[in-house]
1. Is it true that some residue in the range 14-35 is among the acidic types (Asp, Glu) and touching a strand residue (DSSP E or B) at 6+ places or on another chain (Cβ under 8 Å)?
2. Can you tell me which residue in the range 94-120 is least open to solvent (accessible area, probe 1.4 Å), limited to those that are assigned to a helix (DSSP H, G or I) and under 24 Å from THR318 (Cβ atoms)?
3. Given the condition part of a helix (DSSP H, G or I), surrounded by fewer than 23 Cβ atoms within 10 Å (Cβ to Cβ) and over 18 Å from the mean Cα position of the chain (by Cα), answer yes or no: does some residue in the range 122-139 qualify?
4. Looking only at residues in the range 74-85 that are in contact (Cβ under 8 Å) with a residue 12 or more places away in the chain and part of a loop (DSSP other than H, G, I, E, B), which one is most open to solvent (accessible area, probe 1.4 Å)?
5. Taking the condition in contact (Cβ under 8 Å) with a residue 40 or more places away in the chain and over 19 Å from THR318 (Cβ atoms), does HIS48 pass?
6. When residues of the range 221-231 are filtered for being surrounded by 13 or more Cβ atoms within 10 Å (Cβ to Cβ) and touching a residue at least 24 places away in the same chain (Cβ under 8 Å), how many remain?
7. Can you name the residue in the range 141-181 that is within 14 Å of the ligand (Cβ to nearest atom), part of a helix (DSSP H, G or I) and polar (S, T, N, Q) and is also most open to solvent (accessible area, probe 1.4 Å) among such residues?
8. Among the listed residues LEU62, LEU54, identify the single one that is in contact (Cβ under 8 Å) with a residue 60 or more places away in the chain, more than 11 Å from the ligand (Cβ to nearest atom) and closer than 25 Å to ALA87 by Cβ.
Amino acid sequence: METVLSGIRPTGNLHLGNYFGAIRNFLKLQEEYNCYFFIADYHSLTTHPTPADLHGNVKQVLAEYLATGIDPEKVTLYIQSDLPETAELYLLLNMNAYLGELERVTTFKEKARKQPNNVNAGLLTYPTLMAADILIHKAHKVPVGKDQEQHLEMTRTFARRFNRMYKHEFFPEPAAFNFGNDLIKIPGLDGSGKMGKSEGEGNAIFLADDPKVIRKKVMRAVTDAGPAEPNAPKSEPVQNLFNLLEVVSSPDTVAHFEEQYNACTIRYGDLKKQLAEDIIRFTEPLRDRILELSSDDKYLGKVARMGAEKARESGARTVKEVREIIGFRKF
Ligand code: TYM
């Protein structure tokens, strides 16, 4: 059976981008593959969270993962730092990761621009840590959003390099995966290209957002002055709203607003009202489960311990083999 692995940084609540980019597929995946889903808490240290925030965010994401319906008995749902072998594999992979290729990674360049006073080595070697996450379970498929495509390419490079260097077909080359469809990018509400937790107030709709908050955020979304002529091309902020409509609304609703747009009779206020209600219809059941689960410390603890045990079984085995291949042998 093929292995699937996916991860999420615990840097805040999960948003619609995370859900539609990666998580939505988890329910189907858990029936068909050997699945590892984890919370990337080592990765989140690049932005220096306080210990209380770190712990709170890990707990929140664990509750949110579970609220989407993942079954911790069927999959291995774990916290990255509960598998410290990841850190050893990261160290070993870093020996064959080169400064030039790491500096060229788009997400590194973006982060370096956004946080010029904190361009730490963890940020630079983010792709090797991510490769360690994936390779430690010898994963074949990695469900991610479009923004992670380049990281997957790096993982394949590191896997190939290791196999070549030690003349051993050890690591499979993992591929980004969305059931044969293109990888998704969910846009933000502020006219920007991507929904993200660090993109500023009002850009993202979180799964745990209150309906009132959702209405407010959507009604404030950026639009434009309206189509200048029939069948005019859409501006980026308006196209973004249509893209959001496509993921949460029915095809009839999308067609209705398309028609109005093309006829220049569209009122963006109406579109936003409908979009907000469709988002709420979708998030409300999730929100209820998130609230319930996030206060159930006993259950979350049980899930985390079970996940840690299963993850270590697989991870420790891989690292033991890697050590032998590299030449760390017992006397
Ligand atoms: P992170 O925490 O930023 O996002 C988690 C997942 O959500 C997807 N995503 C999106 N998809 C579509 N549209 C969006 N606007 C959007 N925003 C986020 C991301 O593509 C991702 O799939 N580096 C990873 C975490 C990670 C990981 C891994 C993932 C660490 N190790 C190993 C897979 C395998 C990250 O920062 O994702």
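The values are calculated or read from the model by the stated rules, or taken from the named source; none is laboratory data. If you're wondering where the values come from, they're calculated on a predicted model, not measured in any experiment. In this analysis, Cβ positions are derived from the backbone assuming ideal geometry, glycine residues included, and neighbour counts consider all displayed protein chains. Please note that ligands, DNA and RNA were not included when accessible areas were found on the heavy atoms of the full protein model with its side chains. Shrake-Rupley method; radii C 1.70, N 1.55, O 1.52, S 1.80 Å.
1. To start, the set of residues in the range 14-35 that are among the acidic types (Asp, Glu) comprises 31-32.
With the extra rule that they be touching a strand residue (DSSP E or B) at 6+ places or on another chain (Cβ under 8 Å), the set shrinks to none.
No: the range 14-35 contains no residue that is among the acidic types (Asp, Glu) and touching a strand residue (DSSP E or B) at 6+ places or on another chain (Cβ under 8 Å).
2. Pass one, the range 94-120, residues assigned to a helix (DSSP H, G or I): 94, 99-103, 106-114.
Those still in the list that are under 24 Å from THR318 (Cβ atoms) too: 94, 101-102.
Values: ASN94: 43, GLU101: 30, LEU102: 7 Å².
The qualifying residue least open to solvent (accessible area, probe 1.4 Å) is LEU102.
3. Among the residues of the range 122-139, at least one is part of a helix (DSSP H, G or I), surrounded by fewer than 23 Cβ atoms within 10 Å (Cβ to Cβ) and over 18 Å from the mean Cα position of the chain (by Cα), which makes the answer yes.
4. Pass one, the range 74-85, residues in contact (Cβ under 8 Å) with a residue 12 or more places away in the chain: 74-83, 85.
Pick out the ones that are also part of a loop (DSSP other than H, G, I, E, B) and you get 74-75, 83.
Working: LYS74: 105, VAL75: 2, LEU83: 0 Å².
Here the residue is LYS74.
5. On the way: in contact (Cβ under 8 Å) with a residue 40 or more places away in the chain: yes; over 19 Å from THR318 (Cβ atoms): yes.
Yes.
6. Let us first name the residues in the range 221-231 that are surrounded by 13 or more Cβ atoms within 10 Å (Cβ to Cβ), namely 221-224, 226-227.
Right, trim to touching a residue at least 24 places away in the same chain (Cβ under 8 Å) and you get 221-223, 226-227.
Of the residues in the range 221-231, 5 are surrounded by 13 or more Cβ atoms within 10 Å (Cβ to Cβ) and touching a residue at least 24 places away in the same chain (Cβ under 8 Å).
7. It comes out as GLN150.
8. On the way: LEU54 fails: in contact (Cβ under 8 Å) with a residue 60 or more places away in the chain.
LEU62 is the lone residue from the list that is in contact (Cβ under 8 Å) with a residue 60 or more places away in the chain, more than 11 Å from the ligand (Cβ to nearest atom) and closer than 25 Å to ALA87 by Cβ.
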